[in-house]
Amino acid sequence: MAVSPERIQQQLEEVEAAAEDVISDRQEIVTLDRRRNTNREALRQLKTNKLASQSTGNKSWICVGNMFLKLPNTVVVDCIEKEQKQLDTEINNLRNGLRSKVNHLNDLEAKQNTVGTNLKPLSQDEWKAVKQVLGR
C-alpha cells in the first residue's frame with residue numbers, strides 16, 4: 001500500500017513544526033542565559049564596588065526599558081536579584097519542557113529517545129545523604 005503524497009507532506013510539516021519549536025526554545029534559553037550572566041556581572045560589580053560598600057546612600061544608574069533611573073544601590077541590587085530568580089525559573093521551565101519536545105520530535109522522526117534526557121540533578125538533601133553514606 002502506497003502512502004499518499006499529501007500524507008508525506010503532512011508528516012514533514014509536523015516534523016518541521018516540532019523542530020522549529022525545539023530550536024526556538026533553545027535560542028530562548030541562550031538569550032535568557034546571556035541576560036542572567038550580565039545581571040550576575042552587574043550584581044558582582046555593585047557588591048564589590050568600594051563606593052557602594054562605604055555607604056548605603058550611594059546611587060547607581062539602571063536602565064529600565066527606554067529610561068535610565070538613578071536609584072539607591074540597595075534597591076538596584078534587590079531588583080537585579082529578583083530578576084535573577086525569575087530568569088532561573090524561566091530557564092528551568094524551558095529546559096524541562098525542551099526534554100519532552102525533543103522526545104516528541106524523535107517520535108515523529110521514528111528515532112529512539114535521546115539517552116539521558118530525563119535525568120534530573122540531585123537536590124542538596126540528596127547530596128548530603130550521599131556524602132553521609134560515603135563518610136565525607
With Cα coordinates, the longest principal axis of the chain makes an angle with the long axis of helix 73-108, in degrees rounded to 10, of 10
Which value in nm describes the separation of the simple spin-label points at LYS70 and LEU119, placed 7 Å from the Cα toward the beta carbon? 5.2
Multiplying the sequence separation of SER24 and ASN93 by 0.36 nm and subtracting their Cα-Cα distance, what value in nm do you get? 23.4 nm
Test item: Cα-centred dipole of the chain, Lys/Arg +1 and Asp/Glu -1 on Cβ, debye: 1180
Most mobile of ASN73, ASN58, ASN103 in a GNM of the chain (Cα contacts under 10 Å): ASN58
Divide by every residue of the chain the summed helix terms, -39500 (n - 2.57) for each DSSP H run of at least 4, and state the resulting mean residue ellipticity at 222 nm, rounded to the nearest 500 deg cm²/dmol. -25000 deg cm²/dmol
Under 5 Å between amide H atoms, partner at least 5 residues away or on a different chain: which partners does SER60 have, H built in plane at 1.01 Å? LEU71, ASN73
Mind checking which of THR48, THR74, THR89 has the largest fluctuation in a GNM of the chain, springs on alpha carbons under 10 Å? THR48
Helix 124-134: inclination vs the chain longest Cα principal axis, degrees, rounded to 10, gives 80
Along its principal axes, what span do the Cα atoms of segment 1-111 show, with the longest given first and each in whole Å? 80, 26, 15
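Rule-based calculations on the coordinates, nothing more; no lab input. Everything numeric in this text was worked out from a predicted model, so none of it was measured. Cβ coordinates were reconstructed from backbone atoms using ideal geometry, including for glycine residues, and neighbour counts include every protein chain displayed.
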